Structure formats: structure tokens, C-alpha cells
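As C-alpha cells, the structure follows; a few thoughts come after it.
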Amino acid sequence: MNSKTKRANNQVNSVMNIQEQREMVEKANRILNEMKSYTWRDFETQGKFSKNDKLSFISDDMLIVGCDIGSETHYVRAIDARGRELSKKVLAFENDAEGFRKAHDWAVQLAAANDKKQIVLGLEPTGHYWFCLAAWMVSNGISVVQVNPYAVKQTKELEDNSQQKDDRKDPKLIANLVKDGNYGMPYLPEKVYAELRRLSMFREQLTEDRNRSMNRLHREMKIYFPEYKDAFGKIDGAFCMAVLKEAPFPEDILKLGGEGIREIWHQAKLRGRGYSRAAEIVKYAETSIGLKDGTAGGREAVRWFAEKIMELDEELAEIENKLNEKCREIPHAENVLEIPGIGGKILSGILAEMGDISRFDDAKELQKLSGLGLVSCSSGKHKGETRISHRGRKRLRYWLFQAARSAVAHGEEYKWIHAHYTTRAGNALQKMQSLIVIACKLLRVIYTMLKTGKPYDPEKLLKDIRYPENVQTAAA
């Protein structure tokens, strides 16, 4: 082949490459114009989003991208609806705007090269690192779904018959789970529900800080004033904290005397029956067996912890007020307060974890979300014990349990139900089991009230409970 022929072939190849590039750009532009992202509002508010619906959503013209989430770097691989891998290698991109754009362009180009029209991104939710990525992709036309991390762990050996699980293998496992319909639509709270969720989490963080400071305060006092609980009574009360800030240890209390302690309370503008304890506090200080060495450092620690606890109490009160205001913005939420024992604190906790009620078709979905769904392990002649799954939102489960305890303590109907479950003949429940059952019952009641706007009806609550006729008459 002479040089002229070579140059002619090179020119032809160059023209063909340019044409192919132009065609790819045109395909990519068409995909960008036709791409549409779907969220939970498109599927879960129109009825139950079943397994068949999930399989139907994954069409042949869809590129399935699996993403393994990391704190700083994410990894993605792509397959088609048949499970054939279309990406030549794993793409790593950073957790920032430039990285998101890089992954988006990579997926669009891959879709154009394989004649795909839509893109779905499947991810394994890892902490809070996936929030920004999911929101960005949805806003740029890519649907986002999530798979259960437990499912990824259980299917790791199906890929290569190996127990290995790493950032480069996981994306394909995730993509295959999406292909088979084993995914769910992610829910990120919006508007008032987002505010409720964040304020509720902040309240929990402040409560943890308060408990930590209180435990450390107890440690210091047990070393230098072991009798402090008998002396002060309620250790986190306003009277006790006012004294701990000024004179926490026996030698300080003895210098002040009863009148000095009363003066501290007077300057703090405290009123009530606490003034009568001043003499008793001095009496305990006189016979204390606490250590005498190191009191200077211990005194500073106690003062700091007492001030910190008082500051946190003020912040928690402010957060509670804001949570109560946000709860009033949710339709029919005030009706839930009619349930005995359900106050603003418990209600805000339940609503923050529950989120938008419109995405649930029945109370069983909420029960499963809270980890209160019943599971058992039975096979052949073996019949395992039935228990709750504990899989789901643990904070929702916590608040429902607190609601059950409070309802049993304050509501006559719930007291009777609790007594009935724990004393009925044939299948009496333990007290903890009874509270779990009441928590599930409360969940159904709250769901119905929020969904329909109906007021609380204690008589209707008791109708679905089977009990002897004479007991029914007495309860009525």
C-alpha cells in the first residue's frame, strides 16, 4: 500500500470518527431531553408499589447504574436489563458538584452508546452521605432507588462465589438487585417534614449531651460528696443546680450555712418548698465522708457541668416549642393529642420519623418501617417463637413504645387493654409483649386519624378486642 492510499484511508477514518462523534453527541442530547426522573410520589401515592410494579419499571431501554456510597468517593458500574455489564471498568467520582457531573456525563454517554433512553441509579444507603447525591441526580433527570444493605451483604457470593465485598464489587451487586426488582424508592423529607426530622434529631443530640454531662456530674459528686442525693433530693432540679454552681462540696456548704444556701436560691429567683431543705443539706455536709484532696479541680468540673446542663435545658425547651409549632402545620395532627398520654413531645417524635403519611397504603407498612412487624422461623415440625423484626427506624419504634407506656399510665382504656392482655386465659402476654401490642395498636390509630381526620374514639378502640361477655359489660 503506497503513501497516497494510506493518507486516503486515514482521511476516511477521520471523517467516520467525526461522524460517529457527532451521532453520539446527538444521541446524548436526545437522551438528556427525554430523560425523566421518578420519585416515591410517582409510585407510592398511587397505590401499593408491588414487586411486579418494580420489575415493570426496569425496562429494556433503561441503563441501570449501581453506586457504592462512600464518605468522600463513590464508585459506579452499569448494566442493562438482562444483567450484562456495559461499563468497561469501575468509575470513581468525588462527593462534590464536579464529581456528580462527571458521573452524570459518564452515564449519559454510556446510555447513548448502548441505545438506552432512561437511567436509574441504585445505591446502598450509607449514613447521610447519599442525601446530596440522590437529590442532585433526581434534579438532573436520573431516577434514584435504594437497596437494602443486608441484601447486598447476603448476595455478595452470587457474583463470583467469593466472600469478598469491596467498593469495586458492590456497585454491580447493587445494580443486579435493582434489575431483579429488589429495591425501594428513597424518601427524603420535604418542607415541614424535613424541619421536623432535623429538629427531632437535634433534640436527641442535645439530650445525649445532657445525659453525658449529668453522668459526669454524678461521678464528681460521688467522689467528693457521696451523700449528695439524700441531701439535695432531685439532683437536676433548679434548687440543686443553683447550689452546685456556687457551693457543690461539703466544705463550701458549711461555709455558707443554711442562710447562705437560701440566699443563693433567693438571688436565683427560685420560689417553692425547696427552702426548707437548706438545714438538711448542711446536716449531710457535716457528716460527709467525701475526699478532701483535689476539691479545687473537682469544684470547677461540677460548676462547668451544672452550667452546661442548665444551658441544655433552655435549648431543649426552645426546640420543644419549635417542634410543637411544626406539628400544628401537619393536617389532623392535633387530633392525635386527644389520645390519653400522647403529648407534644411524643407526637413530634412519631411524626418526625414517620414522615409524609400519604406514601403509606396501610398501617402494616408503617409497622414494618418501625421494626414492629412480626416474624417467626418455622420449618416442618419445628415452630419457632414469634417476635418483632427490629428492622426499620429504631427511633420510630422508640417513640411508639414511649407512647404505649404513657397511654397505659394515663388512659383508662389502655390500662384495661394492658391488664386484659397480661391476664387473659390461655395466651397471657408478658408486660413487655403487651406494651409492644399496644404500640402497634396506637400506630394503627394514629395512622387512621392522620389519614382520615377522624377524632379519637375510645369505644371504637375496644371493639376489636375479644374478651368474656361479663368483662365486656364491666368495661362498658
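On the stretch given as the stretch 410-438, residues that are in contact (Cβ under 8 Å) with a residue 40 or more places away in the chain and of a type outside the set (Gly, Ala, Ser) total 9. Entry remark, the stretch 313-342: residues being of a type in the set (Asp, Glu) and assigned to a loop (DSSP other than H, G, I, E, B) number 2 in total. The residue that is modelled with the lowest pLDDT, counting only those in the stretch 265-281 that are farther than 18 Å from residue 223 by Cα and crowded, with 18+ Cβ neighbours inside 10 Å, is 274.
Yes/no per residue for (1) in a helix (DSSP H, G or I); (2) without any contact (Cβ under 8 Å) to a residue 24 or more places away in the chain:
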position: 361; (1), (2): no, no
position: 364; (1), (2): yes, yes
position: 371; (1), (2): no, no
position: 385; (1), (2): no, yes
position: 392; (1), (2): no, no
position: 397; (1), (2): yes, no
position: 405; (1), (2): yes, no
position: 408; (1), (2): yes, no
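Every condition in (1) modelled with pLDDT of 95 or more; (2) closer than 16 Å to residue 444 by Cα holds for residue 362 except the one numbered (1).
Is it true that residue 292 is modelled with pLDDT of 90 or more and in a loop (DSSP other than H, G, I, E, B)?
Judged against the criteria, residue 292 is a match.
Within the stretch 260-272, restricting attention to residues that are at negative phi and without any contact (Cβ under 8 Å) to a residue 12 or more places away in the chain, the residue that is farthest from the chain's Cα centre (by Cα) is 263. Of all the listed residues (277, 299), the sole one being over 24 Å from residue 211 (Cβ atoms) and assigned to a helix (DSSP H, G or I) is 277.
Please give the helices (runs of 4 or more DSSP H) falling wholly within the stretch 133-179 in which 1 or more residues are under 25 Å from the mean Cα position of the chain (by Cα). Spell out how you get there, then give the answer.
Numbers: elements: 149-154, 156-160, 170-179.
The qualifying helices (runs of 4 or more DSSP H) are 149-154, 170-179.
Only one entry in 244, 256 is under 23 Å from residue 310 (Cβ atoms) and touching a residue at least 60 places away in the same chain (Cβ under 8 Å), namely 244. Here residue 185 qualifies as buried (at least 16 other Cβ atoms within 10 Å of the Cβ), outside the structural domain of residue 268 (by TED's automatic domain parsing) and in contact with an Asp or Glu (Cβ under 9 Å, 6 or more places away or on another chain). Of the residues in the stretch 241-257, at least one is more than 39 Å from the chain's Cα centre (by Cα), surrounded by 14 or more Cβ atoms within 10 Å (Cβ to Cβ) and over 21 Å from residue 217 (Cα atoms).
Determine whether residue 285 is in a helix (DSSP H, G or I), surrounded by 16 or more Cβ atoms within 10 Å (Cβ to Cβ) and of a type outside the set (Val, Ile, Thr).
yes
The set of residues from the stretch 1-41 being polar (S, T, N, Q), modelled with pLDDT of 85 or more and assigned to a helix (DSSP H, G or I) comprises 29, 33. On the stretch given as the stretch 42-73, residues that are within 24 Å of the chain's Cα centre (by Cα) and not in a loop (DSSP other than H, G, I, E, B) total 6.
Considering 396, 461, which residue is out of contact with any Leu (no Cβ under 6 Å at 6 or more places or on another chain), within 25 Å of residue 149 (Cβ to Cβ) and not aromatic (Phe, Trp, Tyr)? It is 396. For the stretch 77-108, the set of residues classified as part of a helix (DSSP H, G or I) and hydrophobic (A, V, I, L, M, F, W, C) consists of 97, 100, 103, 106, 107, 108, listed by residue number. Count of the stretch 320-343 residues, restricted to those that are closer than 30 Å to residue 242 by Cα and surrounded by fewer than 18 Cβ atoms within 10 Å (Cβ to Cβ), is 5.
Considering 196, 188, 217, which residue is more than 22 Å from residue 294 (Cβ to Cβ), in a helix (DSSP H, G or I) and either in contact with a Phe, Trp or Tyr (Cβ under 8 Å, 6 or more places away or on another chain) or among the aliphatic types (A, V, I, L, M) (or both)? That would be 196, the only listed residue that is more than 22 Å from residue 294 (Cβ to Cβ), in a helix (DSSP H, G or I) and either in contact with a Phe, Trp or Tyr (Cβ under 8 Å, 6 or more places away or on another chain) or among the aliphatic types (A, V, I, L, M) (or both). Looking at residue 47, is it surrounded by 21 or more Cβ atoms within 10 Å (Cβ to Cβ) and touching a residue at least 60 places away in the same chain (Cβ under 8 Å)? Here the answer is no, as residue 47 does not meet what is asked.
The values are calculated or read from the model by the stated rules, or taken from the named source; none is laboratory data. As the structure is a prediction and not an experimental result, all values here were calculated from the model. Ideal geometry is used to build each Cβ from the backbone, glycine not excepted, and the neighbour counts take in all protein chains shown.
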